[in-house]
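Here's the structure we're looking at; comments come further down.
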Amino acid sequence: MKILVLNGPNLNLLGEREPGIYGEDSLEQLEKNLDHVCQEEELEVDFFQSNYEGALLDALHGAKEKGYEGIIMNPGAFTHYSIALRDGIASIDLPVVEVHISNVYAREEFRSKSVTAPVSIGQITGFGLYGYELALLAIKQYIQRRG
Ligand code: DQA
């Protein structure tokens with residue numbers, strides 16, 4: 001089963017960026033951390049990060065053709081206002097799980113609104129980088145159950 005993990009703006013700075021909120025591990029470290037889940041769960045996972053909305057849209061649009069069966073996505077700040085990403089998720093015939101490292105509901109008011117969550121199959125927020133592992137387990141089970 002092939003899964004695509006998409007990370008949005010500023011997530012390339014993981015580890016350096018507000019470590020009190022996002023932790024000290026880099027994006028590279030996150031990708032390495034996920035290796036064991038991928039092996040145990042027999043998942044083939046690819047990663048893509050961009051600070052550009054259009055690049056994330058292109059990744060969403062091309063995912064099915066490239067053989068991905070599901071997408072894990074942390075849209076970063078786009079979560080809160082990108083109708084384009086929302087429509088992009090709704091336009092593709094693939095399940096998307098939304099992940100946030102921090103608990104977006106426990107922060108500034110503007111972070112409590114996600115325009116992308118309603119078109120995702122679910123949202124995992126507040127468990128740090130472990131949220132990506134949870135999301136991989138969740139999407140695998142969703143795809144298998146759906147058949
Ligand atoms: C984030 C939460 C967003 O509000 C923020 O803009 C991010 C990261 C998270 O993973 O906690 O860039 O998506």
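Using a simple spin-label model with points 7 Å from Cα along the Cα→Cβ vector, what separation in nm is obtained for Asn10 and Asp93?
Each label point lies 7 Å from its Cα, and together they span 3.7 nm.
Could you please state, rounded to a whole Å, how far the C-alpha centre of the stretch 11-72 is from the C-alpha centre of the stretch 97-137?
14
Given springs between every Cα pair under 10 Å in a Gaussian network model of the chain, which of Gly126, Gly54, Gly20 has the largest fluctuation?
Gly20
At 7 Å along the Cα-to-beta-carbon direction for both Leu134 and Arg146, put a label point, then send me their distance in nm to one decimal.
Each label point lies 7 Å from its Cα, and together they span 2.1 nm.
Just to confirm the filter: which trypsin sites (Lys or Arg not before Pro) across the stretch 18-115 are DSSP coil and have at most 12 other Cβ within 10 angstrom of their Cβ?
Of the trypsin sites (Lys or Arg not before Pro), the ones in loops of the stretch 18-115 whose Cβ has at most 12 other Cβ atoms within 10 Å are Lys66, Lys113.
Run the paramagnetic zone check for Cys38: 7 angstrom along Cα to Cβ, then residues of the stretch 90-118 with backbone nitrogen under 20 Å.
95-101
If I take R0 = 30 Å and measure r between the Cβ atoms of Lys66 and Glu109 in this structure, what FRET efficiency does the formula 1/(1 + (r/R0)^6) give, to the nearest 0.05?
Working: r = 38 Å, r/R0 = 1.25.
Between Lys66 and Glu109 the formula returns 0.20.
Hey, rough spin-label estimate for Lys2 and Arg17, points 7 angstrom out along Cα→Cβ, what's it come to in nanometres?
Using points 7 Å along Cα→Cβ, the separation is 2.7 nm.
Among Phe127, Phe78, Phe110, which one moves the most in a GNM of the chain with springs linking Cα atoms closer than 10 Å?
Top of the fluctuation ranking is Phe110.
Taking 8 Å as the Cα distance limit and 6 or more residues as the minimum spacing, I'd like the relative contact order of the chain as a percentage.
Reported relative contact order: 26 percent.
In a solvent-free Debye calculation with one equal scatterer on each Cα, what is log10 I(q)/I(0) for the chain at q = 0.19, 0.22 Å⁻¹, listed in the order of the q values?
The computed values of log10 I(q)/I(0) come out as -1.18, -1.61.
Give the residue list of GluC sites (Glu not before Pro) in the stretch 41-124 that are DSSP loop and have at most 14 other beta-carbon atoms within 10 angstrom.
Filter output for the stretch 41-124: Glu42, Glu65, Glu108.
Of Gly147, Leu11, Gly128, which is farthest along the charge dipole of the chain in the positive direction, counting Lys and Arg as +1 and Asp and Glu as -1 at C-beta?
Gly147
Could you work out the local net charge near Glu40, counting Lys and Arg as +1, Asp and Glu as -1, over the other residues with Cβ closer than 12 Å to its Cβ?
-3
Suppose every Lys and Arg Cβ carries +1 and every Asp and Glu Cβ carries -1, with no other charges. What dipole size does the chain come out with about its Cα centre, to the nearest 20 debye?
Charge dipole, the chain, about its Cα centre: 520 debye, nearest 20.
Each value in this text was obtained by applying a stated rule to the coordinates, not by laboratory testing. Predicted, not measured: the structure shown is a model, and the values here were computed from it. No Cβ is skipped: glycine too gets one built from the backbone with ideal geometry, and neighbour counts run over all protein chains shown.
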